[in-house]
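Inspection log for the structure reproduced underneath, given as structure tokens.
The values are calculated or read from the model by the stated rules, or taken from the named source; none is laboratory data. Note that the coordinates shown come from a computational prediction; the quantities given were computed from them, not determined experimentally. Ideal geometry is used to build each Cβ from the backbone, glycine not excepted, and the neighbour counts take in all protein chains shown. With ligands, DNA and RNA removed, areas are computed over all heavy atoms of the protein, side chains included. Shrake-Rupley method; radii C 1.70, N 1.55, O 1.52, S 1.80 Å.
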Amino acid sequence: MVDIQLRLRIPRGGNPIHPVLTLIGLVILGGEAIISYKTFPLEQRVKKLIHLVLHAIAIILGIWGIVAAFKHHNEKHVPNLYTIHSWIGIGVMSSMASSFIVYFYPRGSTSLRSEFLPWHVLLGIFVYVLAVGTSVLGFLEKLTFLEKSGLDKFGPEAFLVNFMAIITVIFGTLVLLIVSSKPPPSSDEDNSSYSAILPLQS
């Protein structure tokens, strides 16, 4: 049943969809989640809800992308988790999921979250930088495999891979520059304070 569901949702071969899902999820939506909380001049509760939804979608796409990579490797009888790209990628995905659970579990401790909020922000930026770096490593890994298979080092495919890697770095840099800028005034609360999204959180 599980295998049938995966085959319906993941194209055969799997791997071509891995970079698409992880790039859109962890880099683009992950960056948008950070930017939305930093720049939107909305109530803190609304900004946190947007932050939550974007991160939730990012994590779902990231998990789907990782499953696609494992499926492709298993079908092609390729070993799993043997590169630095895969090791750091699993670490990034685990860190994002853990932070999501800790800060958005409805019945978590508000005082504990408030105490660790500066670390949450710092580690969030660090994990995002790792996500961008992992994506670039993935492009490099893919290009290396293609060139070993006879791909022209100066052909259009190689150019596309390098171009996408550069665009990824530029996007990540813009996210960090926006995060480091002065935040707009919030309509009700300071951005450095913690408050629950839902009344259930206590």
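Kindly indicate whether any position in region 72-91 is of a type in the set (Ser, Thr, Tyr), assigned to a helix (DSSP H, G or I) and at pLDDT 90 or above.
Yes - at least one qualifying residue is present in region 72-91.
Pairs needed: first member in region 86-105, closer than 13 Å to Tyr128 by Cα and small (Gly, Ala, Ser); second member anywhere, part of a helix (DSSP H, G or I) and open to solvent by less than 30 Å² (accessible area, probe 1.4 Å); C-beta distance under 6 Å; at least 6 residues apart or different chains.
Short answer, once both residue conditions are applied: Gly89/Thr134; Ser95/Val127; Ala97/Ile59.
When you go through (1) within 28 Å of Leu146 (Cα to Cα); (2) open to solvent by 70 Å² or more (accessible area, probe 1.4 Å) one by one for Leu49, which number turns out not to apply?
Answer for Leu49: the failing condition is (1).
Is there a residue being among the small types (Gly, Ala, Ser), under 15 Å from the mean Cα position of the chain (by Cα), open to solvent by less than 40 Å² (accessible area, probe 1.4 Å) and under 19 Å from Val136 (Cα atoms) anywhere in region 97-105?
Checking region 97-105: not a single residue is among the small types (Gly, Ala, Ser), under 15 Å from the mean Cα position of the chain (by Cα), open to solvent by less than 40 Å² (accessible area, probe 1.4 Å) and under 19 Å from Val136 (Cα atoms).
Quick test for you: out of Ile66, Ile88, Ile101, pick the one residue that is of a type outside the set (Ser, Thr, Tyr), in contact with a helix residue (DSSP H, G or I) (Cβ under 7 Å, 6 or more places away or on another chain) and over 17 Å from Val20 (Cα atoms).
Residue meeting the stated conditions: Ile88.
Within region 121-171, how many residues are open to solvent by less than 30 Å² (accessible area, probe 1.4 Å), aliphatic (A, V, I, L, M) and in contact (Cβ under 8 Å) with a residue 60 or more places away in the chain? Give the steps one after another, and end with the answer.
Kept after step one, since they are open to solvent by less than 30 Å² (accessible area, probe 1.4 Å), are these residues of region 121-171: 127-128, 131-132, 134-135, 138, 143, 155, 158, 161, 165, 168.
Those left that are additionally aliphatic (A, V, I, L, M): 127, 131-132, 143, 158, 161, 165.
Those still in the list that are in contact (Cβ under 8 Å) with a residue 60 or more places away in the chain too: 131-132.
The number of residues fulfilling the criteria is 2.
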